[in-house]
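Everything on this sheet refers to the single structure shown next.
Please treat every number below as a calculation from the coordinates, not as lab data. This is a predicted model, so every value here is computed, not measured. Ideal geometry is used to build each Cβ from the backbone, glycine not excepted, and the neighbour counts take in all protein chains shown.
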Amino acid sequence: MTMTISVGSKIPDVTIHLLGADGMPQPVSSLEMLGKGKVVLFAVPGAFTPGCSKVHLPGFVQRFNELKAKGVESVACISVNDPWVMDAWKQSQSADGITMLADGTGAFTAAMGLELDGSGFGLGSRSQRYAAIINNGVIERLDVEEGAGISVSSCDMIMTHL
C-alpha cells in the first residue's frame, strides 16, 4: 500500500489497546498515547517473529536509557497483534519501559498507510516495519524499511536523528 502519512503530518487518532492491570484490553486513543512530548514509535510486522524479537525490540530495550537522556519522553512499539500477545512479548523481552500498543484491527496501521500484505506467510494485513520520531503529535521523522532488513528503523539509526 501507499504511505499516506509523512513528515509534518499529525498522528492519526484511532482506538488502539493496551493490556490493563486487570489483564483486560483497555481502549486508548493513539493521539493520547503518542501526541504528548517527544515520542519514539516503532512498528513491527509481528510480535515474537525472528527479526522483531532478535534485533528490533532488543535494540530499543538496550538503549532505552540513552533515548530518555536525549529527551525522549516515551518509547512505544505497535503491531497488528492483540494486547495479550504484546504484553507477553514485553515480558519475554524485559521491555519494561516500552509501551506496547496493540493495533488488533489494523486501524492505526491503515490510517498511517503503512500496511504490509502478510498473505505470503498465511496472515492478513500487518504493519510495515518503521520508526518515527513524534513531537507533540506531529511526525518529525519517519523511516520505513524498504525490504526485510532492520536498518533505517533500528534504535541505533533513531539515535543518530535525536
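For region 73-162, what proportion of DSSP beta bridges, expressed in % and rounded to the nearest 5, is antiparallel?
70 percent
Can you compute 3J(HN,Hα) from phi for each residue in region 27-41, using the Karplus curve 6.51 cos²θ - 1.76 cosθ + 1.60 with θ = phi - 60°, rounded to whole Hz and x for Gly and Pro?
Those phi angles translate into x, 9, 7, 4, 5, 5, 6, 10, x, 10, x, 8, 10, 9, 10 Hz.
What number comes out for the charge environment of residue 153, summing +1 per Lys or Arg and -1 per Asp or Glu over other residues with Cβ under 9 Å away? Before the final figure, lay out the partial values.
Details: positive: 129; negative: 143, 145.
Surrounding charge for residue 153 is -1.
Could you please report the charge total around residue 50, scoring K, R as +1 and D, E as -1 over all other residues with beta-carbon less than 15 angstrom from its beta-carbon? Show your work: numbers first, answer last.
Values: positive: 54, 126, 129; negative: 145.
Once all neighbours under 15 Å are counted, the net charge is +2.
Considering only DSSP beta bridges where both residues belong to region 1-155, give the percentage that are antiparallel (nearest 5).
Values: 22 of 31 bridges.
So the antiparallel bridges amount to about 70 percent of the total.
How much mean residue ellipticity at 222 nm does the chain get from its helices, if each DSSP H run of length 4 or more adds -39500 (n - 2.57) and you divide by all residues, to the nearest 500 deg cm²/dmol? The partial results should precede the final answer.
Working: 6 runs with 40 residues, N = 162.
Only helices count here, giving -6000 deg cm²/dmol.
Just want the ordering: 17, 161, from fewest to most Cβ atoms lying within 10 Å of their own Cβ.
In order of increasing Cβ crowding within 10 Å: 161, 17.
Karplus couplings for region 15-20 from phi (6.51 cos²θ - 1.76 cosθ + 1.60, θ = phi - 60°), rounded to Hz, Gly and Pro as x?
Computed from phi, the couplings for region 15-20 are 7, 10, 9, 10, 8, x Hz.
Using the 2.2 N^0.38 Å rule of thumb for compact globular proteins, work out how region 14-162 stacks up: its C-alpha Rg over that value, please. Provide the component values of the computation, followed by the final result.
Details: Rg = 13.9 Å, N = 149, 2.2 N^0.38 = 14.7 Å.
Its radius of gyration relative to the 2.2 N^0.38 Å reference: 0.95.
Using 0.36 nm times the number of residues separating residue 26 and residue 152, minus their current alpha carbon distance, what extension gain do you get?
The residue 26-residue 152 span can extend by a further 42.2 nm.
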